[in-house]
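Working notes, structure below.
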Protein chains: 2
Amino acid sequence: MPVKLKQLAELLGLSQTTVSRALNGYPEVNAKTRQRVLKAVRETGYRPNRAAQRLATGKAYSIGLVMPIASGIVSDIHFGEFLAGLAEEAVKHDFHFVLNPSAPEDEEATFRRLAASGNVDAVFLAHMRANDPRIAMLKSLSIPFVVHGRSIGGPKDYPFVDIDNTAAFYEATRLLIQLGHRRVALINGQEHLAFAIRRKKGVTRALKDWGLDLDETLVHHSVMTDEYGYRSMQRFLEQPDPPTAVLCSSTVLALGAVRAINQAGLTVGADISIIAHDDVLPMLKPENFSVPLTTTRSSLRAAGARIASRLIGGILDRGTYPDQELWRAELIVRASTGPAPGK
Amino acid sequence: MPVKLKQLAELLGLSQTTVSRALNGYPEVNAKTRQRVLKAVRETGYRPNRAAQRLATGKAYSIGLVMPIASGIVSDIHFGEFLAGLAEEAVKHDFHFVLNPSAPEDEEATFRRLAASGNVDAVFLAHMRANDPRIAMLKSLSIPFVVHGRSIGGPKDYPFVDIDNTAAFYEATRLLIQLGHRRVALINGQEHLAFAIRRKKGVTRALKDWGLDLDETLVHHSVMTDEYGYRSMQRFLEQPDPPTAVLCSSTVLALGAVRAINQAGLTVGADISIIAHDDVLPMLKPENFSVPLTTTRSSLRAAGARIASRLIGGILDRGTYPDQELWRAELIVRASTGPAPGK
DNA sequence: AGGAGCATCCAAAGCGCTTTGGGAGGAGGC
DNA sequence: GCCTCCTCCCAAAGCGCTTTGGATGCTCCT
């Protein structure tokens, strides 16, 4: 039988009120008293009963998740990794999840139901598209949220955590150009997703800054699986004037691309340079590729943890966070990039 | 402001006790009264406050999930699909999840903490191995659980939902034999997993029943990704006496296998027959393969939903379920299977 | 006729926290 | 020396449900 607040108060010769206030950081309690309370908590192993807190405060201490289920959609490896980050942080604070599988067309209704149910204090949003209507919707539901990624166009004032995709792919492309590459290909995520749009923009801009153009036939958009990486690369190589370098939006895509390259009898890093974005998936480390992969790195799990942290912080009124965070990806050079052939 | 039990009771001219009992199916309430109550609930849209129920009953109304995070491990597509099934059912009953990411070596501690926290009423267990120690552990923690899959060896009396992997692959193999195939290969899941062991057993047994042997060089175990399906098939085809038929433990593996076959200039269903196990992944339908795939089918999402259903039923003391369920997979013949070449 | 026994309902006591509305006592101002 | 104003603490009232321990009639038996 776990110790309860009442017992703790008796033990300390204090009222429940004071103990509760000491624990929740209210100012009207003597510093010395607070110390005594905290010490007693440590010794007794007291943990407040979440059910009681929920009832008393009206907070749900849980966060809502709408997980997309549909044919084309990413219930993929990236989602799992992100979820792990979210959960890692949530479990520390004893937060629950309400998982709502939802077909894309029902998503709005799902969010609405979720907000109305009172079962969650906050939600998070991902897979941002251009002019994503869900941001305005969540605002109108007036439920706290944090977006993973950013929309393009539409309202600007919403909380998000994103990486600077444009900059990351700009820098990656710049490196390739500096190495002498002139024909650069891009194997990207699905065309409607904001991150894919930005990455393409980064590539385009870098090429332009050096007086080059992005050849549209060297750009493929698809679900980010091994399979599509392979197919895309294969088609690039079939072209009369194949690229000497390729950027991949995921190491998963790169896996397929590398296979296609090898199969064509070419060597990664010599005949074809490759840079991939690395979400730091534990099962697919760029350094373990037969030719270690040059990458733009930013941990998906860390993003999940950060978003959970911000959501939870907001709910508990603790800590202050910047509203909009744009993380820089690190450009890590390994062996898959080299001078363009013939330079 | 949602309507509460008290208001509902006043509205009906009844006590809270009676209304509560009417809603929770207690016998000491007149049938007519119960009907009145239910009608009022429908009209007012009353929904009991979960926080209050949690506090009053001591139940958590939530189920615990330990999600494996580690290099080799499946935070893969199959997990997402299963999770969707779980969540689909849970959301119907207003159940929450407590997601615990955990490295395999910490799993025991995680379960222990989870059970002790009182945050969950039940947990579920997956990725069964032979002699899986976690079953005994969960029993000793005396927290309700349902296993997805079955162990091999060890205690027999625990609740599970599994498919009859042995039978499924026995029947698939039998079909191949009847079609004249004699050299049959198997691209399986990881060797230590119970389902993989059983599937191999099914193949072995079928071959044996027809006086044939399973050639160990025609059996590969790996994580079930496209990539490994491709590699395995490629290696089979390089053999001096390649198989004329291959069984895959997942459509994901089959995807790679098919690619390897095509690339070798062979035709699926004519030169090489292929049967895959189909978990009914929305993004990978066997009927959409260039040559539609013959499969043993059993929906992973349905299994998730069923397990959630059983866990929730157990918590609410509602409904009775068989303790151990062994589902039969359906063998669905499509175009990827045909007579062995030269027959 | 007098209970026993059942069916049906109710008042009130929790569940374990947070929060409201003071109250005691000492410091400081005049 | 009196009043005001903090500082620090407390008692008690919820939060919205479930459940205990009766109460009240009625039927049925003997």
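The values are calculated or read from the model by the stated rules, or taken from the named source; none is laboratory data. A quick note: this is a predicted structure, and the numbers were derived from the prediction, not measured. Cβ coordinates were reconstructed from backbone atoms using ideal geometry, including for glycine residues, and neighbour counts include every protein chain displayed.
Here are the numbers:
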{"read-out": "Failed item, numbered, when B:Pro104 is tested on (1) touching a strand residue (DSSP E or B) at 6+ places or on another chain (Cβ under 7 Å); (2) more than 20 Å from A:Val120 (Cβ to Cβ); (3) within 16 Å of DNA strand D (Cβ to nearest atom)", "value": "(3)"}
{"read-out": "Criterion (free of Cβ contacts under 8 Å to residues at least 12 places away in the same chain, on the phi < 0 side of the Ramachandran plot and among the acidic types (Asp, Glu)) met by exactly one of A:Glu81, A:Glu10, A:Glu88", "value": "A:Glu10"}
{"read-out": "1 or more residues within 14 Å of another protein chain (Cβ to nearest Cβ) and among the acidic types (Asp, Glu): qualifying helices (runs of 4 or more DSSP H) within segment A:1-72", "value": "none"}
{"read-out": "Members of segment A:2-17 that are within 8 Å of DNA strand C (Cβ to nearest atom) and surrounded by 18 or more Cβ atoms within 10 Å (Cβ to Cβ)", "value": "A:Leu8"}
{"read-out": "Some residue of segment A:250-265 being in contact with a His (Cβ under 9 Å, 6 or more places away or on another chain) and away from chain B (no Cβ under 14 Å)", "value": "no"}
{"read-out": "Residue selected from segment B:73-92 under the condition among the acidic types (Asp, Glu) and in a helix (DSSP H, G or I), by the criterion farthest from B:Val252 (Cα to Cα)", "value": "B:Glu89"}
{"read-out": "Any hit, segment B:95-111, residues being within 14 Å of chain A (Cβ to nearest Cβ), farther than 21 Å from B:Gly80 by Cβ and hydrophobic (A, V, I, L, M, F, W, C)", "value": "yes"}
{"read-out": "Residue check, B:Val66 under 30 Å from B:Tyr228 (Cβ atoms), in the same structural domain as B:Ser117 (by TED's automatic domain parsing), touching a Leu at 6+ places or on another chain (Cβ under 8 Å) and away from DNA strand C (no atom under 11 Å from the Cβ)", "value": "yes"}
{"read-out": "Filtered residue count, segment A:37-67, keeping only those that are under 34 Å from the mean Cα position of the chain (by Cα) and surrounded by 19 or more Cβ atoms within 10 Å (Cβ to Cβ)", "value": "11"}
{"read-out": "Options A:Val333, A:Val246; residue that is surrounded by 18 or more Cβ atoms within 10 Å (Cβ to Cβ) and either within 14 Å of another protein chain (Cβ to nearest Cβ) or closer than 20 Å to A:Ala167 by Cα (or both)", "value": "A:Val246"}
{"read-out": "Index of the failed condition, A:Phe97 passing every other in (1) in contact with a His (Cβ under 7 Å, 6 or more places away or on another chain); (2) within 14 Å of DNA strand D (Cβ to nearest atom)", "value": "(2)"}
{"read-out": "Single residue of segment B:18-36 satisfying the filter (touching a residue at least 12 places away in the same chain (Cβ under 8 Å) and near DNA strand C (Cβ under 9 Å from one of its atoms)) that is surrounded by the most Cβ atoms within 10 Å (Cβ to Cβ)", "value": "B:Val19"}
{"read-out": "B:Ala115 surrounded by fewer than 23 Cβ atoms within 10 Å (Cβ to Cβ), in contact (Cβ under 8 Å) with a residue 24 or more places away in the chain, away from every other protein chain (no Cβ under 12 Å) and within 16 Å of DNA strand D (Cβ to nearest atom)", "value": "no"}
{"read-out": "Residue ID - surrounded by the most Cβ atoms within 10 Å (Cβ to Cβ), chosen from residues in segment B:167-196 that are without any contact (Cβ under 8 Å) to a residue 40 or more places away in the chain and in a helix (DSSP H, G or I)", "value": "B:Tyr170"}
